[in-house]
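Below is one structure; the comments refer to it alone.
The values are calculated or read from the model by the stated rules, or taken from the named source; none is laboratory data. Worth saying up front: this structure is predicted, and the values here are computed from it rather than measured. FYI the Cβ positions are ideal-geometry reconstructions off the backbone, even for glycines, and counts take in every protein chain you see.
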């Protein structure tokens, strides 16, 4: 009994500490060894820990692009009943929001949550969900315009959509894309890619057509297969515009979209506020303040495109 | 002087009033005074500090509000300026590519602008560049009646109302007319979220901040962006309500409940170009922090002051009271009559002086005590003496009065007795003669011899009886005469007389008188006359009588002693006079039988005599006493030792007799009436 005493004494505060620990769960669309996932989760951790008082346990879950696996992880995550759940991108938000109406969810990257029926309005979400959007649906036209400006001779452009961006029987970005294509007299094509095989087929088609371009809409699939798309575009000399900015650095011709790290950092602030007692229903959903045009001149050169100065003037960052 | 009546009234018994010791009073007074001063000081300090702090805080807040308004205005102006370089006169003539390029550059320069459009002079949209949408070239949209066109042409620059894109994000349209004739308009959509950078950069204390509302109270910018995006209307918030145009609030500052419910010190300033109101607010507690610090400081100082005052007061009171206690103890000792110790206080102040005075007083009292005892002794002695004198005088007085009344009595009696006595004497003498005549007459008569013998014998018996009557009648007469003499003192004249001569004369008279009546009488006379005895104003006859009386007494005493005494006894009478200044003394000392004490007490009483019946009347000394004391105002004293000596001391004043000699009606009675 005397021998057990120190254990009891030592055990008590430890238990108390465990009780007091705040648990935040984060669901990411990356593999657990993905550099982007690591960078974003680190940004999240840093931002949250910088503000939060006390020790915070952050449980990062790596769902990858596999929908089934991701949903299983989401269910597991909701069962653990953390105090706040953070989700990155649309599919992850949907997976978690379908499972709980009680645990506050802070998202990053869900486009048009009002249209998707997840929240009541941007200014007052009204439920357990709030967060930061990344992409506007109108960007579908903007991407096309940028591609056309970079490659004026382009005749056909394929918009590669993710299954997760499907909404109300259509797809995000599709309408804006089609409108812009009509205005610019470009033949539009829309492909919803869900597998690597889909990519290969689309890229092969585009490479064959010659004056065709590619727009990679954002989404879990794009995050997972972006590198493959970049590689195929390079090999097929296909001018490609990505919504996700990091692929411009990885060899895509251009990217136009917000900085996700910024959104993640601000989402961490929301998580902290909810931990401090703010109601997610009253925290407005915020849109990014800025979209960056990143132009990869190296790719342009290697693919033989001459980027006009007007476009370069618009570029926020140029990769040389 | 009525106040001492109340002051000296003894305290009511039963209810013991509460006595605060001196030290307590002093300490209370000291601490109370210091506390009062500190309190007043603190109150004044706090009042001033409060006013100052409030004024300072208000001033600072107003300045902050002005500063914040300027920065918000600068934000707006900067956008206007940036737009400005697309509005030069020849701009509409540059190529559309260049125009687009300019717009792209504008949007790069001004991140808040999310969309910029060019309206040609007819109000149609010729170019639109957006961050979110593809560029629109020559869309031809007609804005010619829109305020963004008309107002911009009119006022050069038009700031549109704040609108909220998708109900959440605040935007504002800014339209700037181009320069030159027939100008176009550049229209920019400005994302006001970016004022956040401005507003959140405004630092106001630790927890104060700035925020911006439209003229209707809609929140445009706030450090907490979510409030802005939530489309917050602050028109009902008191601090905002008071600042909105059209309200009566004239002040540009106020204390009100802030957004989070706490009291804040808020100031505001307007941005006139856009009609916005910039608020700067600071939690009241923070604004008043200097005051609170000052209060804490003041209270702490006050507490410290009171504490120090209490310590100092107690210390001083104790120090002050110690010598007073010593003084008190000393005074108590003195009061109890113990002068063995003196009060020792060396405080060098008034108390030391007081102690010194106490000591002086004690010394005096001690001195007084000592002399007083001696004086009391002396006085007691004097008093005793006075009492003795008084008693003596009283007894003398009593004696005198007794003698006087007796004299009067005797005079009366003598007078009444003398007449019948004259009759007795005269008729006894007459009867004797008549007996002789009867015998003569009977001689011729023939009588038998027996009868004759019997008649003769009877006649003889009668004669001898009558002789005895005459003899005793004469004696009674003598007594009566003496008695009358007694009551008739002061006879004759008083005149200055040479005392020595008078005494010498009296002595000779007495001696020869005595020798005449008793031839065997012998006495040694010793004279010791003081030549300075001089003259005294006296009644010489009376004094002579006294001296004769005393001398005959002395002779009697010596004779009586020598009768029954051993051989070798030499009867002596020493007579001396002494000059005593204004008095003269005559001393008569014999070495006769002396006077026993029992006799001495009564010897001046009338009719008291130790001589055998017939030898003295008992009036001699009584008479002498009257003459000396009452007539001359002198004195007679006797000193005696039975069987040894008797000494009479006569003291006579030189300066005249005391009284005019109350002469009782004696002259008329000098001679007894011989006629019946």
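Restricting segment B:110-133 to residues that are without any contact (Cβ under 8 Å) to a residue 24 or more places away in the chain and more than 18 Å from residue A:292 (Cβ to Cβ) leaves a set whose member that is surrounded by the most Cβ atoms within 10 Å (Cβ to Cβ) is B:128.
Taken as a whole, the condition of being touching a residue at least 60 places away in the same chain (Cβ under 8 Å) and either away from chain B (no Cβ under 13 Å) or surrounded by fewer than 24 Cβ atoms within 10 Å (Cβ to Cβ) (or both) does not apply to residue A:101.
Scanning segment B:527-569 for residues that are farther than 25 Å from residue B:596 by Cβ, without any contact (Cβ under 8 Å) to a residue 60 or more places away in the chain and surrounded by 11 or more Cβ atoms within 10 Å (Cβ to Cβ) gives B:527, B:528, B:529, B:530, B:532, B:533, B:540, B:541, B:544. Examine segment B:277-287 for a residue that is in contact with a strand residue (DSSP E or B) (Cβ under 6 Å, 6 or more places away or on another chain), part of a helix (DSSP H, G or I) and either closer than 30 Å to residue B:360 by Cβ or at pLDDT below 80 (or both), and state whether such a residue exists. For segment B:277-287, residues in contact with a strand residue (DSSP E or B) (Cβ under 6 Å, 6 or more places away or on another chain), part of a helix (DSSP H, G or I) and either closer than 30 Å to residue B:360 by Cβ or at pLDDT below 80 (or both): present. Filtered by the rule that a residue be within 10 Å of the chain's Cα centre (by Cα), away from chain B (no Cβ under 13 Å) and in contact (Cβ under 8 Å) with a residue 60 or more places away in the chain, segment A:241-260 gives a lone residue, A:260. Looking across B:187, B:206, one residue alone is modelled with pLDDT of 90 or more and either surrounded by fewer than 19 Cβ atoms within 10 Å (Cβ to Cβ) or more than 14 Å from chain A (Cβ to nearest Cβ) (or both). It is B:187.
Is it true that residue A:224 is surrounded by 18 or more Cβ atoms within 10 Å (Cβ to Cβ), within 15 Å of the chain's Cα centre (by Cα) and at pLDDT below 90? The answer is yes for residue A:224. Restrict the check to segment A:51-68 and report whether at least one residue is more than 20 Å from residue A:271 (Cβ to Cβ), surrounded by 23 or more Cβ atoms within 10 Å (Cβ to Cβ) and within 15 Å of the chain's Cα centre (by Cα). No: zero hits.
Flag not set for residue B:116, criterion: in contact with a helix residue (DSSP H, G or I) (Cβ under 6 Å, 6 or more places away or on another chain) and more than 14 Å from chain A (Cβ to nearest Cβ). Can you name the residue in segment A:104-140 that is outside any loop (DSSP other than H, G, I, E, B) and more than 14 Å from every other protein chain (Cβ to nearest Cβ) and is also farthest from residue B:129 (Cα to Cα) among such residues? Filtering segment A:104-140 for residues that are outside any loop (DSSP other than H, G, I, E, B) and more than 14 Å from every other protein chain (Cβ to nearest Cβ), the one farthest from residue B:129 (Cα to Cα) comes out as A:105. Screening residue A:145 on (1) in the same structural domain as residue A:223 (by TED's automatic domain parsing); (2) within 21 Å of the chain's Cα centre (by Cα) shows it passes everything except condition (2).
Residues in segment B:593-604 that are surrounded by 18 or more Cβ atoms within 10 Å (Cβ to Cβ) and either modelled with pLDDT of 85 or more or touching a strand residue (DSSP E or B) at 6+ places or on another chain (Cβ under 6 Å) (or both): B:593, B:594, B:595.
Residues that are without any contact (Cβ under 8 Å) to a residue 40 or more places away in the chain and within 14 Å of chain A (Cβ to nearest Cβ) were ranked within segment B:147-172; the one that is nearest to residue A:119 (Cα to Cα) is B:166.
Picking from residues in segment B:307-321 that are buried (at least 18 other Cβ atoms within 10 Å of the Cβ) and farther than 15 Å from residue B:347 by Cα, the one that is farthest from the chain's Cα centre (by Cα) is B:309. Taking segment B:558-577 as the range and being modelled with pLDDT of 85 or more and touching a helix residue (DSSP H, G or I) at 6+ places or on another chain (Cβ under 7 Å) as the test, the residues that pass are B:571, B:573, B:575, B:577. Could you say whether any residue in segment B:87-100 is in contact with a strand residue (DSSP E or B) (Cβ under 9 Å, 6 or more places away or on another chain), within 14 Å of chain A (Cβ to nearest Cβ) and more than 18 Å from residue B:121 (Cβ to Cβ)? Yes, segment B:87-100 contains at least one residue that is in contact with a strand residue (DSSP E or B) (Cβ under 9 Å, 6 or more places away or on another chain), within 14 Å of chain A (Cβ to nearest Cβ) and more than 18 Å from residue B:121 (Cβ to Cβ).
When we screen A:233, A:248, A:252 for residues that are in contact with a strand residue (DSSP E or B) (Cβ under 8 Å, 6 or more places away or on another chain), under 16 Å from residue A:298 (Cα atoms) and in a loop (DSSP other than H, G, I, E, B), the only hit is A:252. Could you grab me the full set of residues in segment A:81-97 that are assigned to a loop (DSSP other than H, G, I, E, B) and either in contact with a helix residue (DSSP H, G or I) (Cβ under 8 Å, 6 or more places away or on another chain) or within 12 Å of residue A:26 (Cβ to Cβ) (or both)? Matches in segment A:81-97: A:82, A:83, A:89. Does residue A:283 qualify as being under 23 Å from residue A:46 (Cβ atoms), in contact with a strand residue (DSSP E or B) (Cβ under 6 Å, 6 or more places away or on another chain) and either within 12 Å of another protein chain (Cβ to nearest Cβ) or in contact (Cβ under 8 Å) with a residue 60 or more places away in the chain (or both)? Yes: the conditions hold for residue A:283. The conditions of being more than 17 Å from the chain's Cα centre (by Cα) and in contact (Cβ under 8 Å) with a residue 24 or more places away in the chain are met by residue A:191.
Counting only residues that are more than 7 Å from chain B (Cβ to nearest Cβ) and in contact with a helix residue (DSSP H, G or I) (Cβ under 8 Å, 6 or more places away or on another chain), segment A:286-295 holds 4 of them. Taking every residue in segment B:134-146 that is within 13 Å of chain A (Cβ to nearest Cβ) and pairing it with any residue that is exposed (fewer than 15 other Cβ atoms within 10 Å of the Cβ) and outside any strand (DSSP E or B), at least 6 positions away or on another chain, the pairs with Cβ-Cβ distances below 7 Å are B:137/B:96. Do we have residue B:375 as more than 24 Å from the chain's Cα centre (by Cα), surrounded by 11 or more Cβ atoms within 10 Å (Cβ to Cβ) and over 16 Å from residue B:326 (Cβ atoms) here? Yes, satisfied.
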